[in-house]
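This report concerns only the one structure given below.
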C-alpha cells in the first residue's frame, strides 16, 4: 500500500490532447408538392485529433509526445451525402370507399447515402515499433509502422480493397523507426542499435526502435455507398387507430462496401526473448542479433552521423522482422 487511502489496483485518468473539427454543411429540401417530398444534405468536414478513444489504452502513436499522433480522427469522413425522396401514390377512388381503402395510403420512400471511407494506420503491437519503451510487446498504444523515406501514402496503395487476397498496401514501401547509435560488426553484418551500456539498453544491443511522427491515419478505406427503399401502406379504420404495413429493401443495388482493412501486423513473431549468451537471436533465416555483447574479436565504433534510411537494413512488412526487440 504505497499511499494511504489508495488501493493497489487504483487507476487515474487525465484528459489531454487536442481535437479539432471543421465542417461545411448544405441542405436543400422540397416540401410536399403533389405527393412528392425531396431532400438532400452534403457535409464537407475534417476531424483531427491526437487519439480517438477514451479509456485504458492510448490509441495514438507515442504517448510521450501526443503531438506526434495529430492527424485525421479515426471517425473522420471528408464527404457525406444523404438524399431522401418520398412519394405518396395518388388514388383514383375516394378514401372512404371500399376500393379507396385498398388503393389509397401507399407511399414510396427512398434513402441514398454516400460517404468517404474512414482513415487508418498500419500498427504493430509485437515490439517491432517502440521497442525501446515496450520491449517485445506494446499493449498500451497503437504504434504506427512508417513508410520509407520518399514514399507517399498514395504510392503505397495497390489499388485493391484487400478483401480478396491481394493486400491493400504494398509491404515493400514500409520500414521501421530504427534508432541509430553504435555499429557492431559481427559475421560481416552491420547492425544498428544504441550505444551501451545505458539506462535504456544493455551493452551491445544491436536493434532498438522508437516511434515515428506524423504518419497516423494517412490511409483511408474505400468510399461507402448504400441505397434503401421502403413501400408503406397505411390503412385507417378509426379516427384514433390505423394499420401500417412496410416492406423494406436494404442496399437495393447490393453494392459491396468494405470496412477498414486488417491493418495490424506482427513483424516480431520470431523473436526469442531468452537466447543463450552471445548466441544469435533465433528467428527467420537471415535475421541476426545478440542478446549480450558479441565476442571480443568483433569491432565496435560510433559513427560520426546518424545512419541514413539507405543504410538501415530493409524489413519486409507482413513477412518477418530482423529485430532484437
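Listed by Cβ neighbour count within 10 Å, with the fewest neighbours leading, 160, 14 appear as 14, 160.
The largest-to-smallest principal axis extents of the Cα set in the range 37-86 are 53, 20, 8 Å. Peptides 169-175, 37-43 ordered by packing proxy, namely the average of other Cβ atoms within 10 Å per residue, highest first: 169-175, 37-43.
Approximating the spin labels as points 7 Å out from Cα along Cα→Cβ, the residue 269-to-residue 166 distance works out to 2.4 nm. The order of 67, 216, going from fewest to most other C-beta atoms within 10 Å of their C-beta, is 67, 216.
Could you compute the FRET efficiency for residue 155 and residue 258, with r as their C-beta to C-beta distance and R0 at 22 Å, rounded to 0.05? Calculated transfer efficiency: 0.55.
On the basis of the beta-carbon distance and an R0 of 41 Å, residue 21 and residue 95 show a calculated FRET efficiency of 0.30.
With all pairs of different C-alpha atoms in the average, the Kirkwood value for the hydrodynamic radius of the range 71-114 is 13.7 Å. Diffusion of the range 88-167 by Stokes-Einstein, at 37 °C in a medium of 0.692 mPa s and with Rh set to the Kirkwood radius over alpha-carbon pairs, works out to 175 µm²/s. Protection proxy ranking, highest mean first, for peptides 85-93, 234-242: 85-93, 234-242, where packing is the per-residue count of other beta-carbon atoms within 10 Å, averaged. When 53, 228 are arranged by Cβ crowding within 10 Å, least crowded first, meaning fewest neighbours, the order is 53, 228.
FYI, it's all coordinate maths here, none of it is from the lab. Everything numeric in this text was worked out from a predicted model, so none of it was measured. Ideal geometry is used to build each Cβ from the backbone, glycine not excepted, and the neighbour counts take in all protein chains shown.
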